[in-house]
Amino acid sequence: MRENAFLRYCLLLLIVLPIGFLWLYPQVLRCMLVSRSADFRLLTGADAVYVSHTATIKQQTQLRRHTATAIDRIRRFWGGRCGQAILIYCPTQADYQQYCAGGEGAGCSVGTPWGTSYLVLGPDGNNADVIAHELCHDELFTRLGWWRVKRQIPQWFNEGLALMVDYRFSNPSAWEQPDSSLRNIPFTREKTIIPFPQRPMLKLVDLETTRDFFGGDYIHTMLAYQTATEEVARWLSVAGRAGVPELTNALTNGDGFSETYRRLEQDKRRSKR
Ligand SMILES: [Zn+2]
């Protein structure tokens, strides 16, 4: 009898939890139903990209090109692509707010605990840098899973990694050129499309959670981006591009983030001596 009651509770939880999740995050439900929406259609010549009917022919052509550039960048950075996110392009702010909570920024990633993920691009998101940035978040999410990313990955690393393929905030030389280990200029002193504020940087320990990272004003977020960019570019210059998949492989095998992050850098330094 007791076993029956327990099973009933479990069954009830299995039904209530996803419904509660979708009720709390209605934009996730809209993303899930985008293929049935009369306002969106599949972009021809691209895989799993939905565009609003309001997108012009020119915007669709640009989106096709920018998506291909971004996917190529992700493949080269990660040494292959595992992510299968569905892209949703909203050229108007009104549509964007329906699919991305708050409607801030140029794009946002919507990941679900059951594995499906969506990249929503707003009016300023039809851009190779924005798409590569969001695809990089998706790649980490796919390789590690929602739970591991939430529990183990500090936000500064998640953002710092995405900023490496987002050339609005970083310089391709951080990983695109093989001699990047010879760099001695501090990364963010270089010219970037969006300039960083000239203020003392933040501490990594103060940028562990999403709230730490994005909870302040615009200047705080820019400083958080700067700190994350500087640290991940520094680490990449030692650990190398191969260090990124090595790190995620170690985490899926049960290793901790901090120890692995340090170990990969130390191993590389030792091997160079
Ligand atoms: Zn990001």
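What follows is calculated from the coordinates using simple rules that are stated; it is not laboratory data. Fair warning: this is a prediction, and the values are worked out from it, not measured in the lab.
Every Cα-Cα pair in region 54-94 was counted, and those over 17 Å apart are 42% of them. With the convex hull constructed from alpha-carbon coordinates only, region 74-140 shows a mean projected area of 4.3 nm² over all directions. The separation of region 37-71 from region 139-176, counted between C-alpha centres, amounts to 24 Å.
Phi angles of region 136-152 translate, via the Karplus equation with coefficients 6.51, -1.76, 1.60 and θ = phi - 60°, into HN-Hα couplings of 5, 4, 5, 5, 5, 4, 5, 6, 9, x, 4, 5, 5, 5, 5, 7, 10 Hz per residue; Gly and Pro are given as x.
Of the two radii for region 28-144, the radius of gyration is 0.93 times the Kirkwood radius, both from the alpha carbons; that is the Rg over Rh value.
Rounded to the nearest whole Hz, the Karplus-based 3J(HN,Hα) values (6.51 cos²θ - 1.76 cosθ + 1.60, θ = phi - 60°) of region 218-227 follow the sequence 4, 4, 4, 5, 5, 5, 5, 4, 4, 4, with x at glycine and proline.
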